[in-house]
Every structure is written in C-alpha cells, then in structure tokens.
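In what follows, a structure is listed as structure tokens, so that the remarks can point back to it.
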Amino acid sequence: LGPGAAITFTYQAAVAADLPTGTPIANTARLGLEDQHVYFRRAAVVRVGAPDLSLSDFRCSPSPAQPGSRTACTLVIANAGLVDAPAARVTNLLPAGATLVSGSVAWVGGGTLEVLTGTVRWTGALATGAQVTLTYGLAVPAQPLHPPLYNVAILEDGVGGAWERPTWLLLAPRQAYLPVVMRGE
C-alpha cells in the first residue's frame with residue numbers, strides 16, 4: 001500500500017433474530033506493518049436495533065477566539081439509528097473559566113432544556129432520522145494568555161448507548177507591538 005493510499009472493506013452480516021435490542025456487536029480489524037512487526041487493532045461497535053447518535057456534532061466558533069470575547073457553540077443531536085431514542089439525554093459540561101451568556105440558550109427540534117451551574121442539559125425523545133440543534137453563547141476569559149478551553153457534551157440514547165462529543169476552544173494570545181529602540185555604537 002503506497003503513501004496516502006487507502007483500502008476500504010465493505011461487508012454485510014446476518015444477525016441472530018433472538019439478540020436483545022441494544023446488544024453490542026464488535027467488529028474488530030487487525031492492521032499491521034508485517035516487516036516492522038507493528039500491529040494495531042481497531043473496533044467498530046454496532047448495537048442491534050438501537051438508536052445511533054454517533055453522527056451528532058459539536059462546534060464552537062470562532063476558534064481561536066479573542067480574550068474577553070464571545071463565541072457561539074452549536075450542538076446538533078442526530079439519531080441515525082433504526083429505532084427512536086425515547087428518552088435521550090445530553091449533558092454539556094461547560095468549560096472552566098468560560099461563562100454562559102445570559103439569554104443566549106436556544107434549541108430547535110423538541111425536548112426540554114435546563115441550564116444548571118456549569119451545565120446545559122437537554123432531554124427528550126429523538127425519532128429515527130430526527131435532529132435537535134442547541135445553540136448558546138460563551139464569554140471566554142479575558143486573560144491575555146490562557147490555555148485552550150475544553151467543552152464536552154455527553155450524549156445518551158436512553159437504552160444504553162453513550163457518545164462523547166468534545167470540542168476545544170482556542171484562545172488567541174493578545175498581541176502587543178512595542179517600540180524597538182536601536183542605538184548605534
């Protein structure tokens with residue numbers, strides 16, 4: 001396999017009819033560089049007849065953000081599974097050092113939303129093929145030098161499936177242009 005090349009394997013499997021809903025089936029691939037004796041295992045887990053929130057997406061922009069500015073965060077919760085998620089729940093743990101902009105929280109697509117200290121939580125039913133979009137503003141710290149902010153949403157489908165959607169919010173350092181004085185000898 002040459003540099004930058006890829007191989008794609010596609011297959012179908014028959015699943016036993018008596019497996020309970022939500023049973024995880026792991027598909028494991030073993031990859032390796034035979035000449036160097038380096039091996040890897042990668043697994044993809046599929047749950048039988050269960051909701052699938054894996055296509056959900058979470059982003060904050062702009063990133064990098066200027067110190068002391070506001071940024072907009074958008075979380076799209078999407079059910080790509082074969083069945084509804086009757087009791088889905090999303091818990092978004094807000095990054096330390098950032099504050100939720102008052103009155104900025106909105107959502108489209110149903111369910112209920114709670115704003116708690118340091119957390120935004122959505123709960124509701126999510127039909128197959130449906131999505132819910134949550135948006136809110138964050139005020140980022142004003143310090144001229146600050147490490148990136150880690151923002152994470154935990155998605156649960158209500159029948160045992162869970163996904164983590166993290167996003168890093170980078171903060172641009174403040175730039176200062178100082179006079180440079182050069183003296184001749």
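Here, each number is a calculation from the coordinates, and none is a lab measurement. Note that the structure is a prediction, hence the values are computed from the model and not measured. Glycine gets a Cβ as well: all are built from the backbone with ideal geometry, and neighbour counts include every protein chain shown.
Placing R0 at 25 angstrom, the Cβ-Cβ distance between residue 93 and residue 145 gives a FRET efficiency of 0.60 after rounding to 0.05. Annotation: average projected area of the chain is 19.0 square nanometres, based on the convex hull of Cα atoms across all directions.
In region 114-185, inverting the average of 1/r over every pair of distinct C-alpha atoms gives 16.8 Å as the Kirkwood radius. Between the listed residues 101, 160, 56, the Cα displaced farthest toward the positive end of the dipole of region 1-160, a dipole computed from Cβ unit charges relative to the Cα centre, is found at 101. Summing Cβ point charges (Lys, Arg +1; Asp, Glu -1) relative to the Cα centre of region 57-169 gives a dipole of roughly 300 debye. Each label point was placed 7 Å from the Cα along the Cα-to-Cβ direction; for residue 174 and residue 125 their separation is 5.2 nm. If the label point is 7 Å along Cα→Cβ of residue 42, which residues in region 2-23 have backbone nitrogen under 18 Å from it? Inside the label zone: 2-12.
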